[in-house]
Number of protein chains: 2
Amino acid sequence: MPTTSPNKLKPRKTPTQSRSRVTVDAIFEATIQVLLKQGMAGLTTSSVAERAGVSVGTMYQYFPNKQALVYALNERFLTRLAENVEDTCALAAGRPASVAAEALIDTYWSVKTERMELTHALYRSVAELDNEALVHDFAARVDRATRGMFRESPDLHAEDVDRINLSLTTVIYGTVRNAFERGLDQENISALKSELKAMCRAYLASAAK
Amino acid sequence: MPTTSPNKLKPRKTPTQSRSRVTVDAIFEATIQVLLKQGMAGLTTSSVAERAGVSVGTMYQYFPNKQALVYALNERFLTRLAENVEDTCALAAGRPASVAAEALIDTYWSVKTERMELTHALYRSVAELDNEALVHDFAARVDRATRGMFRESPDLHAEDVDRINLSLTTVIYGTVRNAFERGLDQENISALKSELKAMCRAYLASAAK
DNA sequence: CCAAAACCTGATGTTTTATTCATATATCTA
DNA sequence: TAGATATATGAATAAAACATCAGGTTTTGG
């Protein structure tokens, strides 16, 4: 049962002439830009239309409503990412697990890099722009604490501390967040926790020898 | 220079009587509930007021505008998380790095678990509710690909594949995302990539012996 | 070259939302 | 208990946004 967009979100019509293909692209691009500059709150039909250099009416020719726009953007992005991952997996099948894992990392990384803007635009906390300073201060505060902690670890060399601190915190915060976002059951989620610990241990044993 | 809220977002006044303390708590709780059920788009002053069982006017007595509400919610959450991390770091300072890392994982994990609702409410993609099916399908598709890949890895036992697939993908997706969200410079970000690879290798070497 | 189809426009109607304020009620203090 | 202070109400206001549609322009195919 492959997903088809809910009716209320389906594109109204697909462009046939090249003129309108340009228009639709411009609308997508404008959506990204507005999302980046103003956040979801500033994403209004007219702000997008203006930025895209078209009239509001034109937008409604292709998208039944505002949400459909963001939906389509997301769909494009996720489909592209999924295709890349599938290709990578097909290529890496049969290779040692560590090679496969690295291939996966490369793929994910490059998709994110390629359209970093889009990634940022699509995945921003609901809190949005106003809270950036808040989040930044929080990050700095926490970073100070963890760096201080690792600096005093008897088994770490001074010159490794910053690198290891950065790696560990990024991996830990990212993994914890992702683990909870996936909506896994209790069993899987707690299994994940001990695997994450195992991973950090293995990393430290190999990196801080 | 410790952060003070931008003026436009500062609470209007702090409750002194217990009656109003109850009110403010109810407003916060209502904000979370609405955010969960309706997403940011459904977070209107009246929906929050209704859910909290107070009038709109009351809300404006304590918050100068709608954004201030979400801001305050975020501030509460982040401050609490930061304090927990600081405590943990103080306790774990001087212990071996792997012990410190595990303590950090426990702390983060417990804060997320404790108020999972709040976490979900605050960190949802701009796409919000409509796109949940989209994201779910995407996840399933990618999971199928990676599991297939690891199933064919010559160095993995069949009974380990699912566990390892879950761990690796969660760690990789979470880390990549977090790496890009942090706004690091090019140097740090590419250093991170190779550290992530090293981590996966070390994990596989120890887990799939 | 012409009619049909595709595409574009933007002022307009309608609905929704944020925010205020005059008024009423509760709590505190002396 | 009375006056002062804190808190609560919700109809009214004004601004903003969505979405439409009647009428124009451009492109296509024969």
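Quick look at the values:
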item	result
Proximal charge balance of B:GLN61 [Cβ under 10 Å; K/R count +1, D/E count -1]	+2
Over segment A:8-122, relative contact order from alpha-carbon pairs under 8 Å, at least 6 apart, %	31
Volume in Å³ per residue [convex hull over Cα atoms, computed for segment B:1-99]	150
Global form of segment A:129-207, assessed from the alpha-carbon gyration tensor, a/c cut-off 1.5	oblate
Interface A:B - total buried accessible surface [probe 1.4 Å, Å², rounded to 100]	9500
Nonlocal amide H pairs with A:PHE63, under 5 Å, H built at 1.01 Å	A:ARG12
Centre separation in Å (Cα based) which lies between segment B:82-145 and segment B:56-80	23
Residue-wise HN-Hα coupling along segment B:15-22, computed from phi with Karplus coefficients 6.51, -1.76, 1.60 (Hz; x: Gly, Pro)	x, 10, 7, 6, 3, 6, 5, 4
Segment B:54-67 - phi-based ³J(HN,Hα) in whole Hz, Karplus 6.51/-1.76/1.60, Gly and Pro as x	10, 8, 4, x, 4, 4, 6, 6, 10, 10, x, 6, 5, 4
Placed amide H near B:THR44: partners under 5 Å, 5+ positions off or other chain	none
Selected from A:GLN33, A:GLN61, A:GLN17 as most flexible by GNM, with chain A as the system and alpha-carbon contacts under 10 Å	A:GLN17
For A:SER153, distant residues with modelled amide H under 5 Å away	B:GLY94
Separation between Cα centres of segment B:152-209 and segment A:187-205, rounded to whole Å	11
Value of D in µm² per second that Stokes-Einstein yields for chain A, Kirkwood Rh from Cα pairs, at 20 °C (1.002 mPa s)	103
Most mobile listed residue (B:LYS112, B:LYS197, B:LYS66) in chain B, GNM with C-alpha springs under 10 Å	B:LYS197
0 to 90° range, to nearest 10: angle between helix A:186-207 axis and chain A longest Cα axis	60
Highest-MSF residue in chain B out of B:ARG12, B:ARG151, B:ARG115 [GNM, Cα springs under 10 Å]	B:ARG151
Where chain A is the region considered: accessible area per residue in Å², 1.4 Å probe	47
Within the protein assembly as shown: Cβ-based charge dipole about Cα centre, in debye rounded to nearest 20 (Lys, Arg +1; Asp, Glu -1)	1100
Charge tally in the Cβ shell below 13 Å around A:GLU128, where Lys, Arg are +1 and Asp, Glu are -1, A:GLU128 excluded	+1
Cut-off 15 Å between beta-carbons: net charge of the residues surrounding B:GLY183, Lys and Arg +1, Asp and Glu -1	-3
Assigned charges on the beta-carbon of Lys, Arg, Asp, Glu; segment B:29-135 dipole about Cα centre (debye)	200
Prolate/oblate/rounded call for the protein assembly as shown, Cα gyration tensor, a/c under 1.5 rounded	oblate
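The values are calculated or read from the model by the stated rules, or taken from the named source; none is laboratory data. Everything numeric here is computed off the predicted structure, so don't read it as measured data. We place every Cβ from the backbone using ideal geometry, glycine too, and count neighbours over all the protein chains shown. For the accessible areas, the whole protein counts, side chains as well, though only heavy atoms, and no ligand, DNA or RNA atoms are used. Shrake-Rupley method; radii C 1.70, N 1.55, O 1.52, S 1.80 Å.
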